[in-house]
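Q: One structure is given below, represented as structure tokens, and several questions about it will come after.
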Amino acid sequence: MCGLSGEVRFDGGRADLAAVERMTDEMEDRGPDGRGAWSQGPVALGHRRLKIIDLSESGAQPMTDPRLGLTGVFNGCVYNYRELRGRLEGLGHRFFSDSDTEVLLKAYGQWGHSCVEHLIGMFAFALVEHHTGRVVLGRDRLGIKPLYLTQDGERLRFASSLPALLAGGGVDTSFDPVALHQYLSWHGTVPAPRTVLAGVRKLPPATVRVVERDGTHHDHLYWQPSYTRRPELGSDPVRWREAVHEALRTAVRRRTVADVPVGVLLSGGLDSSLIVALLAEEGHDDLATFAMGFESENGQDGDEFHYSDLVARRFSTDHHQYMIPSDRLPAALEAAIGAMNEPMVSHDAVAFHLLAEQVAKDVKVVLCGQGADEVFAGYHWYPPIAAAARPDAPDAYAEVYFDRPHDDVAALLHPDVTPPHDASRDYVRTHMADPGAQSTLDAALRLDVHALMPDDPVKRVDNMTMAWGLEARVPFLDHELVELAAACPPELKLAQDGKGVLKDIGRRVLPREVVDRPKGYFPVPAVRHMAEPVLGRVREALTAPEARRRGLFDRRRVTELLADPARHRTKRGASTLWQVASLEIWLQTHGIDTH
């Protein structure tokens, strides 16, 4: 996993290598093990390297294949690179490294942009064809690896982080009103291609973009499960349990490919515990596992060590446990927001940032359980959505998932940055009207997995781990497992209060107490309850001169929120004040002038 950057000029000029190097240097945390740059006429590429596969300099990037006339930069991991290499060697290709990056170059040389259909993994990349000047950008199927873009009539720039684009200069930092509406409707989530900044976009997941010399481009969406049933598996719970169990085994096994040690973030929940159990089944002895907790606040526990200890003892892992005192939160909060590509409101970003700091001292790769709740319908809002008739799916989704209705969004924002229509509900309605998605639940899961999830929680995990040069891998987002889950009958996923098919697997390999426990999460009580000193930082940010000049939020509403933080909650119980403050603190932290 690494950080990539680049520029393509369309006006006949040479690429600004100095700007690309500034973008590259901004991503040092993502790739502390190496730095490289390449330039040829109107194109320049930059790269920061985290050494996971082929630790030698043969795997350095940007990587050029003179025979194919290709240069590329790559972020992520191709888990089946060894199998692909063998296949490509059989087709006559010769390799000079042991890296998955070179496998990508050879695969493109063999199959063109359809090479992505052969890749199993998480990735973002940029490839340059020397003889045509064409640039090809690609992103993995589930959007696990980020790729940000900014373009005008003269040039295109791209990078693995939004702050890196800002370091290059010349970015339009005015607000995107539709993105702000989504941010305040979906707990900080802004799906691709938008960001809160009008001048920055994201390449959507499962997309290859081919950029021509003159700046024109075309996109190819190369993957999308249909979310319809598979007749060959029927609705037999036993057959589905066996099929999912085998697919999950494969997904976990794939993610152990590395030339460095691999650990697991073990929360003690079902998902991360299943990963540990399957790794133990594969013979991974003395597996390193990591758990974190916080001091209790306002009567709420801040750790789940009881459950993670059960799993660690059952499988004899090398378990590491970290308790974070509340007085560390202010500095941790600042650091976590500094690591965010985009503003996020999920307070467990702080927890992931602190945990990644500790874990990176021991390993460079970890597996984690993110994505299982979206893929296998584990959240409490799915049953009421599933109960609605298929034509009513958008309204049912909005009723239980949205933070607030359009009128309340408009009341929070300044009129100049408020869209005149319910942009978030329109997005859901359009997405759910696409072909496929057999049931109401299918439509909701397709929206969550393919549109919203890449920007929370997937982005959160990527940002917080990469801030410490730690590669996080997510077995539940193996694309073949996701395809299988998309076809699984809704009643099997909704059974047992959600994730029924996973709980059936869990009862075969885990302590019952872990499987049947109440659903937990990664709590940070001081943030959830706006306790001091977090509240003091929030007040400072929202009353700062730059916040007043920006005028993003209605001042009267901000005053009300600060006067009584506990009273103002979203429909799902989250702090409205924290949602507002997170965006403002992020803008201030990254020095973004939105005028």
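The values are calculated or read from the model by the stated rules, or taken from the named source; none is laboratory data. On a predicted model such as this, the values are computed, not experimentally measured, just so you know. Neighbour counts are summed over all protein chains in view; Cβ atoms, including those assigned to glycine, are modelled from backbone coordinates with ideal geometry. Keep in mind that these areas ignore ligands, DNA and RNA; they rest on the heavy atoms of the full protein, side chains included. Shrake-Rupley method; radii C 1.70, N 1.55, O 1.52, S 1.80 Å.
Q: Calculate I(q)/I(0) for region 384-448 by the Debye formula, one identical point scatterer on each C-alpha and no solvent, and give its log10 at q = 0.15, 0.17, 0.25 Å⁻¹ to two decimals.
A: Evaluating at q = 0.15, 0.17, 0.25 Å⁻¹ gives log10 I(q)/I(0) of -0.49, -0.60, -1.00.
Q: Across 5 Å bins from the origin, how do the percents of Cα pairs in region 176-300 run, short distances first?
A: That works out to 2, 7, 10, 10, 10, 14, 16, 16, 10, 5, 1, 0, 0, in percent per bin.
Q: Which percent, nearest 5, of DSSP beta bridges in the chain are antiparallel?
A: Values: 54 of 70 bridges.
That works out to approximately 75 percent antiparallel.
Q: Which order, highest average first, do 216-223, 40-47, 557-564, 265-272 follow once you tally other Cβ atoms within 10 Å for each residue and take the mean per peptide?
A: Ranking the peptides 216-223, 40-47, 557-564, 265-272 by packing returns 265-272, 40-47, 557-564, 216-223.
Q: Shifting gears a bit: Summarise the long-distance tail of P(r) for region 452-530 by giving the % of C-alpha pairs beyond 20 Å. Mind showing how you got there, number by number?
A: Working: 1657 of 3081 pairs.
For region 452-530, the share of Cα pairs beyond 20 Å comes to 54 percent.
Q: Separate question: For region 301-423, just say rounded, prolate or oblate: build the C-alpha gyration tensor, square-root its eigenvalues into a ≥ b ≥ c, call rounded for a/c under 1.5, and beyond that prolate if a/b exceeds b/c, oblate if not.
A: oblate
Q: Here's something else I'd like to know. Around residue 213, with a cut-off of 14 angstrom between Cβ atoms, what is the net charge of the other residues, counting Lys and Arg +1 and Asp and Glu -1?
A: Result for the neighbourhood of residue 213: -2.
Q: Let me ask something additional. Over the chain, how many percent of alpha carbon pairs lie in each 10 Å bin up to the one with the longest distance?
A: Pairs per bin, as whole percents: 3, 17, 28, 29, 18, 5, 0, 0.
Q: Could you order the peptides 541-552, 117-128 from most to least packed, using the average number of other C-beta atoms within 10 Å per residue?
A: Going from most to least packed, we get 117-128, 541-552.
Q: Moving to a separate point now. Taking the Cα-to-Cβ direction at residue 18 and at residue 314 and moving 7 Å from each Cα, how far apart do the two end points lie in nm?
A: 5.9 nm
Q: How many nm is it between the label spots at residue 380 and residue 131, if each spot is 7 Å from the Cα in line with the beta carbon?
A: So the two model labels end up 6.1 nm from each other.
Q: Okay, moving on. Using a cut-off of 14 Å between beta-carbons, work out the net charge of the residues near residue 24 (Lys and Arg +1, Asp and Glu -1, residue 24 not included).
A: Details: positive: 22, 30, 35, 48, 49, 157; negative: 7, 16, 21, 25, 26, 28, 29, 33.
So the environment of residue 24 carries a net charge of -2.
Q: Cut-off under 28 Å on the C-alpha distance; same-chain residues fewer than 8 positions from residue 364 excluded. Which lysines are left, in chain and number order?
A: Excluding near neighbours in sequence, the set is 51, 106, 145, 202, 459.
Q: Separate question: Using a 1.4 angstrom probe on heavy atoms only, work out the carbon and sulfur share of the accessible area of the chain in %.
A: 48 percent
Q: Would you calculate the separation in nanometres between label points at residue 433 and residue 507, each defined as 7 Å from the Cα along the Cα-to-beta-carbon direction?
A: 4.3 nm
Q: Could you list, bin by bin from short to long, the percent of Cα-Cα pairs of region 360-485 in 10 Å steps?
A: 12, 35, 30, 18, 5, 0
Q: Of the listed peptides 477-483, 135-141, what is their order by residue-averaged count of other C-beta atoms within 10 Å, with the highest listed first?
A: Top to bottom by mean Cβ count within 10 Å: 135-141, 477-483.
Q: Can you pull a Stokes-Einstein diffusion coefficient for region 45-189 at 20 °C (1.002 mPa s), Rh from Kirkwood over Cα pairs, as a whole number of µm²/s? Intermediate results must be reported in sequence, preceding the final value.
A: Numbers: Rh = 16.7 Å.
In µm²/s, the coefficient rounds to 128.
Q: If ligands, DNA and RNA are left out, what is the accessible area of residue 328 with a 1.4 Å probe, given in Å² to the nearest 10?
A: Counting only protein heavy atoms, residue 328 exposes about 90 Å² to solvent.
Q: Apply 1/(1 + (r/R0)^6) to the Cβ-Cβ distance of residue 544 and residue 572, taking R0 = 30 Å, and write down the FRET efficiency to the nearest 0.05.
A: After rounding, the FRET efficiency stands at 0.60.
Q: Still on this structure, please answer the following. Could you calculate the FRET efficiency of residue 323 with residue 563 from 1/(1 + (r/R0)^6), where r is the beta carbon distance between them and R0 is 41 Å, rounded to 0.05?
A: Once the sixth-power term is evaluated, E becomes 0.80.
Q: Give me D for region 203-275 in µm² s⁻¹, whole number, from Stokes-Einstein with Rh from the Kirkwood sum over alpha-carbon pairs, 25 °C and 0.890 mPa s. Each step should come with its number before you reach the end.
A: Values: Rh = 16.7 Å.
My calculation gives 147 µm²/s for D.
Q: Which Rg and Dmax, in Å, describe the Cα atoms of region 1-117?
A: Reported Rg and Dmax, both Å: 14.4, 42.
Q: Using a cut-off of 13 Å between beta-carbons, work out the net charge of the residues near residue 89 (Lys and Arg +1, Asp and Glu -1, residue 89 not included).
A: Here the count lands on +2.
Q: OK, next. Between residue 532 and residue 421, what length comes free when the chain is fully extended (0.36 nm per residue of separation minus the Cα-Cα distance, one decimal in nm)? All intermediate terms of the calculation are to be shown ahead of the outcome.
A: Numbers: separation 111, 0.36 × 111 = 39.96 nm, distance 3.72 nm.
Difference between extended and current length: 36.2 nm.
Q: Given just the C-alpha atoms of region 128-175, how large is their convex hull per residue in cubic angstrom?
A: 115 Å³
Q: Here's a follow-up. Once you have a ≥ b ≥ c as the square roots of the Cα gyration tensor eigenvalues for region 115-243, tell me rounded if a/c is under 1.5, and otherwise prolate or oblate according to whether a/b is larger than b/c.
A: Note, shape of region 115-243 comes out oblate.
Q: Using a 1.4 angstrom probe, figure out how much accessible area region 37-159 has per residue, in square angstrom, rounded to the nearest whole.
A: It amounts to 31 Å² per residue over region 37-159.
Q: Additional query: In whole angstrom, how far apart do the alpha carbon centroids of region 207-224 and region 377-391 sit?
A: 35 Å
Q: Can you give the FRET efficiency to the nearest 0.05 for residue 111 and residue 40, using r as the Cβ-Cβ distance and R₀ = 25 Å? Numbers along the way, then the final one.
A: Details: r = 23 Å, r/R0 = 0.94.
Approximately 0.60, to the nearest 0.05.
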